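Remarks on the structure that follows.
Just so it is clear, none of the values below were taken in a lab; they were calculated from the coordinates. Because the structure is predicted, anything quoted here is derived from the model rather than measured. Here the Cβ is made from the backbone with ideal geometry for all residues, glycine too, and neighbour counts use every protein chain on show.
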Ligand SMILES: Nc1ncnc2c1ncn2[C@@H]1O[C@H](COP(=O)(O)OP(=O)(O)OP(=O)(O)O)[C@@H](O)[C@H]1O
Ligand SMILES: [Mg+2]
């Protein structure tokens, strides 16, 4: 049973990716290039060379964290859509603290301080929808989603005003002090941040799979009435989950600031944004920590590989965005299927006598 | 002429054979009862007839023609309707909307607009025709479990099926309602319909049916005409041994004077501000079973919700062994020694999409032998599950599967095992044997009596009057959210309690305060 479940989940995640690659391949063919060569460059450079792989891991770090931040709430059917906003706020203020530190401060202390500020910002910002949801029954999805846009504007205001670095030609905050930056390992971009992300991953793996909290999160997601009746204080758990989610988002932002960006710009988290990427990754990974780890690395490989495509072939690097879009599309099909059993019906019509039950819940 | 016939119908779930070469035949215009232990495969068989499950092998013959049933819609088109053991209604819609779901009445045949008035009238007529007690404009979520059952039956009757399958229809009905239902079913039979009923109550089998099929562990072990058999013989066939049909509370009332559970003057209102409990006061002594009788929907559900921490009181006090637990959370109540067998097992007691092991610890997932430093001890939990399955004879197809795959009675046994094994001092048992087979009823009743004999207290809420009468030391009767009488089961008859349940006071009821 367990194995079958696992197999089914694997198919659910791998199939959309394969389909996206196939259709992406058709697009590449139409451009007049060889899809296999292009994919070879795309994944070969980012996964099968040491430097490329380390860079991939580097870019995967914030994605692992945002993926986990999404999964921890989605699993309980609470929807924190505000990961992006929480990440940006965390990043912004860890950056501000990073610039205003005395340069003489011990690097470890400086880095810890910056990370802590990021985490706190993420948590505080997540608390707003959490309290509204847990105690006033306000729909958290709407609130978190809207607050993202509010936060982006607030940060834009701060970055163009009080905190602007006027020595720079475009809108950004001053670069953080050297002691607040994570040093790189060797000639790759990899820093301490990746190992922090892995540590968090291990902790979250234990929390989600082995802990009482993970058990309660699952129960709340599957049957809230049951959860309440068996003594799980659902509103308290909602607060805890949102706090964890906010903390992970803030950490992702701070870490990205200290290992990659070093200053806040208006395109800090890229397009569509690390928080939104996290949502895709959580879906690809089926909300399981291991799945998220794999999905984050894969997704990051696509991102880093995109630059190589530009260098080594005539295919525009936007092909990667096309593939990302297609993955989202095919993942969505899975949800349609979950609710309508389309696959089952099509399958049944064709073969006439499948073994499986039509509705197992009866 | 047989209207339904199955030939070697088999259903496998993985390696587990739930139905093994079943051959049954149902005659036109008969009432057929299917009996068998929990997990025998009765629902599975019916689900195949209704097209919810696909047979692994074997044939179904409708009207002596081989028919492949592709789903419930197809089944209904073939004139075959089914009412499920677990309701499939939309809680946020009204009674009439549920009955007409998918068959909405339009203003005119081409108009896209639903004619509510016509719909309500139509459903009203239907309700009156079958003398059901329902208001077509009530929302499903606001009506009692019994009411929901009636909606399910009406839904099929509205669709003019000529074969009606009822999976444990009486489990949730009160004795009066059962009688009414039987009158209706017999009337339907007289009009030429064929009815298949699954039930665990042999008394009903004898009263209602023309013929009986007994299923045991997925195989047909008996086919008899009702007039040629007896309750004892059927029980013997089902279980394979002799069964005590009613476990009697024979022990002298050893209840001590010490009060285990005290409920004083409790009132509450529902979401719509209606006062559903009015000044409820009672106590349960150590070593005593207090039964709560009453027609379903007279405040019992709300009382249980208040007492188990799912609803707040507006007034009053509840205490366990002198400790005030008014409006405490379910986990605190459990910590204070309360065991809870909830009314709706799939809503409050179990989570169908979680594993059996996970369900075995629900509510007790913080106790030290399951949870250390916030981490769950999976090994211990599996041991616990295996022990429950063995000690309580829970029949599972796949031990690692989800609770949703268990048959109704076996799912209930998970709750029973979980709550008894956590050593409570006080048990609130709500409909503890609903949908449970006779062998297991005997078992559960014995468990409850043993528990009482160890000096613990039990509050037993059941719409099954015979259950309340045979187990309780004292009975209180609820009517319209109030306690209207207290009786001793040894001194009153069924009919006297029945009158009280209908709100008619008699002088034997002491402590009545109207
Ligand atoms: N979807 C499923 N997957 C695996 N096993 C199943 C599934 N559905 C039912 N079973 C198993 O098949 C057996 C028969 O179940 P079924 O629901 O038919 O029993 P039943 O006779 O209706 O019992 P009850 O009286 O308790 O309702 C049970 O052991 C159950 O665990
Ligand atoms: Mg059944």
Taking chain A as a Gaussian network, where each spring joins two C-alpha atoms under 10 Å apart, which residue of A:12, A:271, A:77 fluctuates the most? A:271
Please report the antiparallel percentage of the DSSP beta bridges confined to chain B, to the nearest 5. 55 percent
Before anything else, pin down the relative contact order of chain B: Cα pairs under 8 Å, at least 6 apart, normalised by residue count, whole percent. 16 percent
If you take every DSSP beta bridge whose two residues both sit in the stretch B:363-514, what share of them, in percent to the nearest 5, is antiparallel? 60 percent
In nm, to one decimal, how far is the residue B:329 label point from the residue B:203 one, both placed 7 Å along Cα→Cβ? 4.2 nm
Enter the Cα centre distance for the pair the stretch A:167-224 and the stretch B:347-393, rounded to the nearest angstrom. 32 Å
Of the candidates A:221, A:32, A:273, which one comes out as most mobile in a Gaussian network treatment of chain A with C-alpha springs shorter than 10 Å? A:32
What residues from the stretch B:308-335 fall in the zone where the backbone N is under 19 Å from a label point 7 Å along the Cα-to-C-beta line of residue A:135? B:329
Helix B:175-190 axis, angle to chain B major axis (alpha carbon atoms, nearest 10°): 0 degrees
Give the order of B:111, A:46, A:249 when sorted by the count of other beta carbons within 10 angstrom, beginning with the fewest. B:111, A:46, A:249
Arranged from highest to lowest average of other beta-carbon atoms within 10 Å per residue, in what order do the peptides B:151-162, B:332-343 appear? B:332-343, B:151-162
Packing-based ranking, highest mean first, of B:181-188, A:129-136 given that Cβ atoms within 10 Å are counted: A:129-136, B:181-188
Peptides B:418-427, A:161-170, B:391-400: what's the order by average Cβ count within 10 Å, highest mean first? B:418-427, B:391-400, A:161-170
R0 = 22 Å: FRET efficiency of residue B:88 with residue B:395, Cβ-based, nearest 0.05? 0.35
Note: B:351-358 gets an average of partner chain Cβ contacts (10 Å, Cβ to Cβ) equal to 4
So, relative contact order of the stretch A:58-313 in percent, Cα under 8 Å, 6 or more apart, is 41 percent
Expected integer from the mean partner chain Cβ neighbour count at 10 Å over B:368-377 is 3
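Calculate for chain B the 222 nm mean residue ellipticity that helices alone would give, adding -39,500 (n - 2.57) per DSSP H run of length 4 or more and normalising by residue count, nearest 500 deg cm²/dmol.
-9000 deg cm²/dmol
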How large is the helix-only mean residue ellipticity at 222 nm for chain A, computed as the sum of -39500 (n - 2.57) over DSSP H runs with n ≥ 4, divided by its residue count, in deg cm²/dmol to the nearest 500? -25000 deg cm²/dmol
If R0 is 51 Å, what FRET efficiency do you get for residue B:121 and residue B:321 from their C-beta distance, rounded to 0.05? 0.40
Average partner chain C-beta neighbours within 10 Å, per residue of A:217-229? 6
Assuming R0 = 51 Å, can you tell me the calculated FRET efficiency for the pair residue B:423 and residue A:18, based on Cβ-Cβ distance, to the nearest 0.05? 0.45
Alpha-carbon centroid distance for the pair the stretch B:212-230 / the stretch B:408-442, whole angstrom: 26 Å
Counting DSSP beta bridges with both partners in the protein assembly as shown, what percentage is antiparallel, nearest 5? 60 percent
Value of relative contact order over the stretch B:2-239, rounded to a whole percent, pairs C-alpha under 8 Å and six or more apart: 28 percent
